[in-house]
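K.L.:
Sharing a structure below in structure tokens format, with a few things to ask.
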Amino acid sequence: MNPKLLRKTEIAAFVQSLAPSHTIVAPQPDEGQCSYGVLSNGAQPALDGGRPRKSAKEALYPQKERMFAFEAGAVEPCSVEPEPPLILFGVRACDLKGIEALDTVLLHGAFVDAFYKARREAAAIVGLACEKMCPTCFCNSFGIDPYAPPACDVNLVPAGDAFVAQPLTEKGEALVASLPDADAAHLATARKAGEAFHAAENPKVAVDAFVEAVAEVFESPAWEGIVDGCINCGGCTYVCPTCHCFDIVDETIGHRGQRVRAWDTCMAARFTLHTSGHNPRVTPAQRLRQRILHKFQYMKKNQSILGCTGCGRCVAVCPVNWDIRDAIGRLTEELSTASKA
Amino acid sequence: MIQRAIQKLAREKLEAKAIDLFLGYARGTLPGRVKPFAAAGAADCDRLVWNENCDTNLVNYLARYPGKKIGIVVKPCDARTLVTLLHENQVKRENLFIVGVNCPGVKTGVGAEAAMQPQCLACEIRKPPIADVTLGGPVETAIAPQAKLAGELWDEFKGEMQRCIRCFACRNACPLCYCTTCFAEQTMPELVYPGNDAAESAFFQLGRIMHIAGRCGECGGCERACPMDIPLQKIIRKAAAFLEETYGEKAGLSVETPGALGTFSPTDNNSIFL
Ligand code: SF4
Ligand code: SF4
Ligand code: SF4
Ligand code: SF4
Ligand code: SF4
């Protein structure tokens with residue numbers, strides 16, 4: 001498929017041309033950073049604003065979703081409300097990998113999530129290669145390469161005054177059909193951008209060794225050792241591209257109500273609170289164990305994918321500098337020594 | 001200097017078994033970040049650091065070590081929250097060895113990019129109101145906090161609540177939010193449903209602010225913890241200013257006096273109650 005050229009001056013117009021039939025979700029300025037959000041008419045996506053604050057998962061899997069409504073005696077059947085299809089525009093590679101991880105759970109698992117499926121299948125995804133890593137990024141540790149990204153329809157690669165738009169699927173080819181072919185000079189600039197990115201990568205975290213070290217672990221004194229100052233605030237799980245746990249509640253007013261699915265977090269007390277009042281998971285160590293094992297042991301076993309893409313957001317938002325990269329290193333060491341002893 | 005003094009004090013007290021652990025800061029994993037650190041023995045004390053990035057309010061960790069004798073580093077705002085906890089019998093004074101530090105303000109970032117944190121820009125209390133040892137020279141306060149409080153915040157607050165993801169990080173970062181079950185997380189009845197609708201986020205946040213009004217030490221912990229960078233300090237300071245105007249009390253300044261919430265008089269201003 002021929003690489004196309006999208007000039008920076010023409011991005012707004014191009015995105016606008018896609019908009020009549022689609023809802024566009026793209027990074028936009030947000031309190032000194034940028035965030036993915038629905039692009040309003042004629043707005044310019046913030047493609048140079050660095051890694052968006054939260055992951056892109058929200059577009060496909062919103063924080064709160066109505067499943068059905070009810071009134072005393074009658075249930076309005078669960079219907080997937082028709083929405084204009086989405087174009088996710090300018091999605092970072094770590095988020096693309098995150099969508100792949102969500103797919104394994106919500107699309108390809110034993111239960112198919114109808115809401116996610118409807119959005120996901122109708123959506124077109126345009127990736128965006130990063131010019132450089134943020135200090136907290138470690139996607140390279142997971143073999144993710146923004147210049148050869150996972151699951152997207154088109155990938156945008158920076159090339160000076162333009163982006164080279166590389167279609168990767170038929171859907172993507174159709175999306176960028178109206179753009180001119182990329183010329184040799186821009187292709188060369190794009191190649192250089194890739195080389196520059198790879199030359200300045202952050203040091204890798206030894207993920208494979210860690211996955212091996214935690215493969216069979218549950219009870220271990222090592223968990224206590226990595227708690228540090230974690231206050232179980234949950235910020236990390238809400239910004240994560242792969243965290244997908246949810247809660248289901250009935251919101252009622254008088255005789256009417258709706259059943260709602262909303263993100264939940266394993267950092268919270270209520271996450272595991274039993275009806276009896278008993279809570280099997282009370283300490284920060286137990287909760288961190290869940291967060292780590294879900295990502296590096298359970299998902300590996302059940303979905304054959306890891307629940308971390310190295311986006312580094314949890315590191316960036318943590319108020320007490322709890323750093324998953326550091327935890328991975330220390331746990332690998334502790335657990336491998338323990339198994340040898 | 002201060003760092004060396006902290007290390008020395010911690011080491012001495014740990015060696016003498018006067019305390020079981022010492023709560024301070026250690027080097028973080030990112031430039032301009034430190035980590036909360038509990039030194040359990042004299043050998044750990046070399047890891048204790050003190051610099052302008054030492055922002056986390058360590059008082060938040062005291063509840064984690066019931067019955068232990070604890071040494072702790074506090075800035076003036078942290079110390080104010082500690083005073084509130086002492087008022088409320090959440091900690092025992094005799095179990096604490098308090099190292100106070102006179103505070104010129106804490107910063108986010110390093111070098112040329114370092115920026116004074118918002119609560120410090122408007123902070124009037126530069127000397128810890130409670131301490132066994134106070135480190136650092138006196139600090140001049142040169143601010144105009146009232147200027148920052150002018151105007152109605154309601155519209156701005158409503159706007160910010162659209163961005164809230166209701167992670168409750170603001171609550172968890174606060175030493176004064178120690179309820180075993182937060183009203184926002186109780187299930188019978190469910191006062192705040194999970195999700196991110198602005199109305200419920202506002203309900204939660206107003207509830208939180210009601211619960212810390214008259215107690216808050218203005219340490220900035222809540223705002224720092226917010227992954228959405230919601231300027232919580234603004235509204236909290238407004239509540240604090242109201243308290244001060246109405247009841248003539250600033251929270252956490254003295255263990256001896258009981259604080260606005262600890263006293264009652266029939267002549268109290270009741271204008272905020274229905
Ligand atoms: S790791 Fe950090 S962000 Fe996550 S729950 Fe703990 S304190 Fe909060
Ligand atoms: S665990 Fe942290 S680094 Fe990994 S994908 Fe989630 S937010 Fe990103
Ligand atoms: S983790 Fe990788 S893909 Fe994600 S923002 Fe950083 S460099 Fe880009
Ligand atoms: S920390 Fe911020 S986003 Fe989280 S609940 Fe508090 S105000 Fe909302
Ligand atoms: S409400 Fe915020 S500023 Fe006040 S004591 Fe709690 S964390 Fe500190």
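Every number here is computed from the coordinates shown, using simple stated rules; none is lab data. All values reported here derive from a predicted model rather than from experimental measurement. Please note: Cβ atoms are built from the backbone with ideal geometry, for glycine as well, and neighbour counts cover all protein chains shown.
K.L.:
Along the positive direction of the dipole of segment B:2-145 (beta-carbon charges: Lys, Arg +1; Asp, Glu -1; about the Cα centre), which of B:87, B:108, B:70 reaches farthest?
P.N.:
The residue sitting farthest along the positive end of the dipole is B:70.
K.L.:
What are the radius of gyration and Dmax of chain B, computed over its Cα atoms and given in Å?
P.N.:
Values for chain B (Cα only, Rg and Dmax): 18.9, 57 Å.
K.L.:
Exactly which chymotrypsin sites (Phe, Trp or Tyr not before Pro) in segment A:101-152 are in a DSSP loop and have at most 16 other Cβ atoms within 10 Å? Spell out each step's value before the answer.
P.N.:
Numbers: sites: A:111, A:115, A:116, A:138, A:142, A:147; in loops: A:111, A:138, A:147.
Filter output for segment A:101-152: A:111.
K.L.:
Taking springs between alpha-carbon atoms closer than 10 angstrom, which of B:84, B:180, B:56 fluctuates most in the Gaussian network model of chain B?
P.N.:
Taking springs between Cα atoms under 10 Å, the residue moving most is B:180.
K.L.:
In segment A:225-341, if the dipole is taken from +1 on Lys/Arg beta carbons and -1 on Asp/Glu beta carbons about the Cα centre, which of A:230, A:322, A:244 is farthest to the positive end?
P.N.:
Working it through, the farthest residue towards the positive pole turns out to be A:244.
K.L.:
Now for a separate question. Kindly give Rg over Rh for the protein assembly as shown, based on alpha-carbon atoms, with the Kirkwood expression for the hydrodynamic radius. Numbers along the way, then the final one.
P.N.:
Working: Rg = 25.8 Å, Rh = 26.4 Å.
Rg divided by Rh gives 0.98.
K.L.:
If you don't mind, there's one more thing I want to ask. Can you put B:218, B:15, A:201, B:200 in order, fewest other beta carbons within 10 Å first?
P.N.:
On the way: B:218 24, B:15 12, A:201 15, B:200 20.
By the 10 Å Cβ count, ascending: B:15, A:201, B:200, B:218.
K.L.:
Using θ = phi - 60° and the Karplus form 6.51 cos²θ - 1.76 cosθ + 1.60, what ³J(HN,Hα) does each residue of segment A:55-60 get, whole Hz, x for Gly and Pro?
P.N.:
6, 7, 4, 4, 5, 9
K.L.:
In degrees from 0 to 90, rounded to the nearest 10, what is the angle of the helix B:76-87 Cα long axis to the longest principal axis of chain B?
P.N.:
It is inclined by approximately 80 degrees.
K.L.:
Please give the direction-averaged projected area of the C-alpha convex hull for chain A, in square nanometres with one decimal. Can you show the working numbers first?
P.N.:
Details: hull surface 79.5 nm².
Value for chain A: 19.9 nm².
K.L.:
Could you give P(r) for segment A:224-337, binned at 5 Å from zero, as whole percent values over all Cα-Cα pairs?
P.N.:
All Cα pairs considered, the percentages come to 2, 10, 18, 22, 19, 13, 7, 4, 3, 1, 0, 0.
K.L.:
Nearest 20 debye, what's the magnitude of the dipole of segment B:150-262 about its Cα centre given +1 on Lys and Arg Cβ and -1 on Asp and Glu Cβ? Could you put the intermediate results ahead of the total?
P.N.:
Details: 11 positive and 15 negative charges, 42 e Å.
Taking the Cα centre of segment B:150-262 as origin, the dipole is about 200 debye.
K.L.:
Taking only Cα atoms, what is the 0 to 90° angle, nearest 10, from helix B:198-212's long axis to the longest principal axis of chain B?
P.N.:
Compared with the principal axis, the helix lies near 60 degrees.
K.L.:
Here is a further query. Could you work out [θ]222 nm for chain A from helices alone, using -39500 (n - 2.57) per DSSP H run of at least four and dividing by all its residues? Round to the nearest 500 deg cm²/dmol.
P.N.:
Mean residue ellipticity, 222 nm, calculated: -9000 deg cm²/dmol.
K.L.:
Now a separate question. Among DSSP beta bridges whose residues both lie in segment B:2-145, state the antiparallel percentage, nearest 5. Please report the intermediate quantities before stating the final value.
P.N.:
Values: 9 of 20 bridges.
Just about 45 percent of them are antiparallel.
K.L.:
Please give the Cα centre distance for segment B:109-123 versus segment B:199-264, rounded to the nearest Å.
P.N.:
21 Å
K.L.:
Just report the Cα centroid separation between segment A:105-134 and segment B:1-42, whole Å.
P.N.:
Segment A:105-134 and segment B:1-42 have Cα centres spaced 45 Å from each other.
K.L.:
Can you tell me what share of the DSSP beta bridges in the protein assembly as shown is antiparallel? A percent to the nearest 5 is fine. Kindly include the intermediate steps, with their values, before the conclusion.
P.N.:
Numbers: 45 of 66 bridges.
Roughly 70 percent of the DSSP beta bridges within the protein assembly as shown come out antiparallel.
K.L.:
Ok, one more. Assign unit charges at the C-beta atoms only (+1 for Lys and Arg, -1 for Asp and Glu), then state the dipole size of the protein assembly as shown relative to its Cα centre in Debye, rounded to the nearest 20. Could you put the intermediate results ahead of the total?
P.N.:
Numbers: 65 positive and 69 negative charges, 259 e Å.
Once rounded to the nearest 20, the dipole reads 1240 debye.
K.L.:
Give me A:191, A:119 ranked fewest to most by other Cβ atoms within 10 Å of their Cβ, as a rough exposure proxy.
P.N.:
Numbers: A:191 14, A:119 19.
Lowest count first: A:191, A:119.
K.L.:
Taking chain B as the reference, fit the longest principal axis to its C-alpha atoms, fit the long axis of helix B:232-247 to the helix C-alpha atoms, and give the angle between the two in degrees, 0 to 90, nearest 10.
P.N.:
Helix B:232-247 sits at roughly 80 degrees to that axis.
K.L.:
Which lysines, if any, have their Cα less than 21 Å from the Cα of residue A:57, not counting same-chain residues under 8 positions apart?
P.N.:
Hits, sequence-local ones excluded: A:97, A:117, A:171, A:295, A:300.
K.L.:
Over chain B, what is the relative contact order in whole percent, taking alpha-carbon pairs under 8 Å and six or more residues apart?
P.N.:
Working: 457 pairs, mean separation 45.7, N = 274.
Averaging sequence separation for qualifying contacts and normalising by length gives 17 percent for chain B.
K.L.:
Kindly provide the helix-only [θ] at 222 nm of chain B, computed as the sum of -39,500 (n - 2.57) over DSSP H runs of four or more divided by all residues, to the nearest 500 deg cm²/dmol? Can you show the working numbers first?
P.N.:
On the way: 9 runs with 83 residues, N = 274.
Taking each H run of at least 4 residues, the total per residue is -8500 deg cm²/dmol.
K.L.:
Among A:286, A:305, A:253, which residue has its Cα furthest toward the positive end of the charge dipole of the protein assembly as shown, with +1 on Lys/Arg Cβ and -1 on Asp/Glu Cβ?
P.N.:
Sorting the options by dipole projection puts first A:286.
K.L.:
Let me ask another. How about residue B:238: which lysines have a C-alpha closer than 27 Å to its C-alpha, ignoring those fewer than 8 places off in the same chain?
P.N.:
Cross-link targets: B:75, B:107, B:127, B:148, B:158, B:250.
K.L.:
I need the per residue convex hull volume for segment B:143-274, using only the alpha carbons, in cubic angstrom as a whole number.
P.N.:
Details: hull volume 18.6 nm³, N = 132.
It is 141 Å³ per residue.
K.L.:
Which helices of chain A meet both criteria: a Cα extent of 15 Å or more along the helical axis and a mean Kyte-Doolittle score no lower than -0.5, with helices taken as whole DSSP H segments? Display every interim value, and only then the final one.
P.N.:
On the way: long enough: A:93-106 (19 Å, 0.76); A:184-199 (22 Å, -0.01); A:324-340 (24 Å, -0.39).
Long hydrophobic helices here: A:93-106, A:184-199, A:324-340.
K.L.:
May I pose another question? Normalising by the residue count of segment A:139-247, find the relative contact order in percent from Cα pairs under 8 Å and 6+ residues apart.
P.N.:
On the way: 67 pairs, mean separation 23.1, N = 109.
Relative contact order for segment A:139-247 comes out at 21 percent.
K.L.:
Go through the cysteines of chain B and tell me which have no other cysteine Cβ under 4.7 Å away.
P.N.:
B:45, B:54, B:103, B:120, B:123, B:164, B:167, B:179, B:182, B:216, B:226
K.L.:
Still on this structure, please answer the following. Quote the charge dipole size of segment A:1-136 about the Cα centre in Debye, to the nearest 20; the model charges only the Cβ of Lys and Arg (+1) and of Asp and Glu (-1).
P.N.:
Details: 15 positive and 16 negative charges, 107 e Å.
Computed charge dipole of segment A:1-136: roughly 520 debye.
K.L.:
On to the next question. Straight-line reach from residue B:68: which lysines have Cα under 23 Å away, leaving out those fewer than 8 places along the same chain?
P.N.:
B:8, B:13, B:17, B:35, B:92
K.L.:
If you don't mind, there's one more thing I want to ask. If you project the alpha carbons of segment B:2-145 onto the principal axes, what extent comes out on each, in Å, largest first?
P.N.:
42, 34, 26
K.L.:
How high is the relative contact order of segment A:99-202, in percent, with contacts defined as C-alpha pairs under 8 Å that are six or more residues apart? Display every interim value, and only then the final one.
P.N.:
Numbers: 120 pairs, mean separation 28.2, N = 104.
Across segment A:99-202, relative contact order equals 27 percent.
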